Amino acid sequence: MTEKNWQSMLNKALTSPDDLQGFSLSEKEKAYFSMKKDHDNLTFMVNPYYASLAEDKWDDPVRRQFIPTVDEYTTKKYELSDPLGEDRYTPVPRLIHRYRDRVLLLVTDSCAMYCRHCFRRSFTGHKAGVISYGELENVAAYLSDHREVNEILLSGGDPLTCSDKKVREILTVIRSVRPDIVIRLATRIPVVLPMRISDSLVNILSENSPIWLVTQFNHSNEITEQAEAAVDKLIGKGIPLLNQSVLLKGINDSVSALENLFQALVRLRIKPYYLFQGDLAAGTSHFRVSIERGREIMSRLRLRISGLALPVYAVDMPGGGGKIPLTENFAMSEDEENYYFRNIEGKPYSYPREK
Ligand SMILES: *Cc1c(COP(=O)(O)O)cnc(C)c1O
């Protein structure tokens, strides 16, 4: 597909309830749209490809990711507009330096659809636009001064909503100062607009190796022939793929939904990397599952699927605490002689202390 084709798919995006003629809206969905004008909420926008993956049922796992409900107006007192406390880690506009050896760059605030569970919703779909050449030069200067940074995550918004020309510019500027840096491209494009993965784009990416692509499949209904073709194209040009899912109530919070998803991803040669506990973004509490339930799902999955298919269940702490793995606890106790564990079936075992 040429650039014009995928851009026209975005130009035909559904942006108002009138565009949702193919769906019979539930009371909660209707109530969202009738309240909309008074609020500065996350934009409603979905492209026709992703919308076509949803069935006309209010609880369809794809539909719930793009049609808002009135629940988005419910905010809990502990929810935040900057749920990860990223502001304090921003040394240069758009750049977040939270961990010693890696930085995250907000390339654009646009996406190919807006996920109703978005945790960066106070940035996404607002006015920031695409990173300018001047801003990019400031990022490049920071990277050349900070040699401890070994990896740059390109995020947003979705960096692959940028034109090929802009993607090339961003990669070239970064590579010109840091030929050694690992680039991690965080994008939902293979899931939500796979036709954007054109031969020319894949060539630009492979010319700027090493690039790892991290995507976000949340349900096996998102795995289509088009998505598979996009993934094959990327892997064929030497770009490894990882997946980060978000644990979402009513969408994928069951052992069977996640088992199907993770096994299908491995078959596509995508490594499930993280399963995220929902961040405390304002208006997303209806999607959050308790950590207790998340751990229970993970321990049942551990008995059923291979280590290759099992991601790390993790939570990003509010107030800038960073990511914490929520691995089930296998260690029970220790004494002078031994460490005591339970195995995945819950049986007790010990392992001697090295003297
Ligand atoms: C998640 C994240 C990273 C990457 O963390 P990994 O554990 O390496 O995946 C880097 N920077 C920020 C700000 C992040 O939120």
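Does region 273-331 hold any residues that are within 16 Å of the ligand (Cβ to nearest atom), buried (at least 20 other Cβ atoms within 10 Å of the Cβ) and either at pLDDT below 95 or assigned to a loop (DSSP other than H, G, I, E, B) (or both), and which are they?
Scanning region 273-331 gives Gln277, Gly278, Asp279, Leu280, Pro311.
When you go through (1) under 16 Å from the mean Cα position of the chain (by Cα); (2) part of a strand (DSSP E or B) one by one for Arg116, which number turns out not to apply?
In the conditions (1) under 16 Å from the mean Cα position of the chain (by Cα); (2) part of a strand (DSSP E or B), Arg116 misses (2) alone.
What is the number of the single condition among (1) open to solvent by 60 Å² or more (accessible area, probe 1.4 Å); (2) touching a Ser or Thr at 6+ places or on another chain (Cβ under 7 Å); (3) assigned to a loop (DSSP other than H, G, I, E, B) that Asn260 does not meet?
Against the list (1) open to solvent by 60 Å² or more (accessible area, probe 1.4 Å); (2) touching a Ser or Thr at 6+ places or on another chain (Cβ under 7 Å); (3) assigned to a loop (DSSP other than H, G, I, E, B), Asn260 comes up short only on (3).
Within region 81-99, can one find any residue that is more than 16 Å from the ligand (Cβ to nearest atom) and open to solvent by less than 60 Å² (accessible area, probe 1.4 Å)?
No, there is no match, as no residue in region 81-99 is more than 16 Å from the ligand (Cβ to nearest atom) and open to solvent by less than 60 Å² (accessible area, probe 1.4 Å).
Only one of Val103, Val70 is among the β-branched types (Val, Ile, Thr) and either more than 16 Å from the ligand (Cβ to nearest atom) or free of Cβ contacts under 8 Å to residues at least 12 places away in the same chain (or both); which?
Val70
Which residue, of Arg120, Arg116, is open to solvent by less than 30 Å² (accessible area, probe 1.4 Å) and within 30 Å of Ala140 (Cα to Cα)?
After ruling out the rest, the residue left standing is Arg120.
Which members of region 128-163 meet the condition of being surrounded by 15 or more Cβ atoms within 10 Å (Cβ to Cβ), among the aliphatic types (A, V, I, L, M) and more than 16 Å from the ligand (Cβ to nearest atom)?
Ala128, Val130, Ile131, Leu136, Ala140, Leu160
The values are calculated or read from the model by the stated rules, or taken from the named source; none is laboratory data. Being a predicted model, the structure only gives us computed values, none of them experimental. Methodologically, a virtual Cβ is constructed for each residue, glycine included, from the backbone with ideal geometry; neighbour enumeration extends over all protein chains shown. We work out accessible area using only protein heavy atoms, side chains counted, and drop any ligands, DNA or RNA first. Shrake-Rupley method; radii C 1.70, N 1.55, O 1.52, S 1.80 Å.
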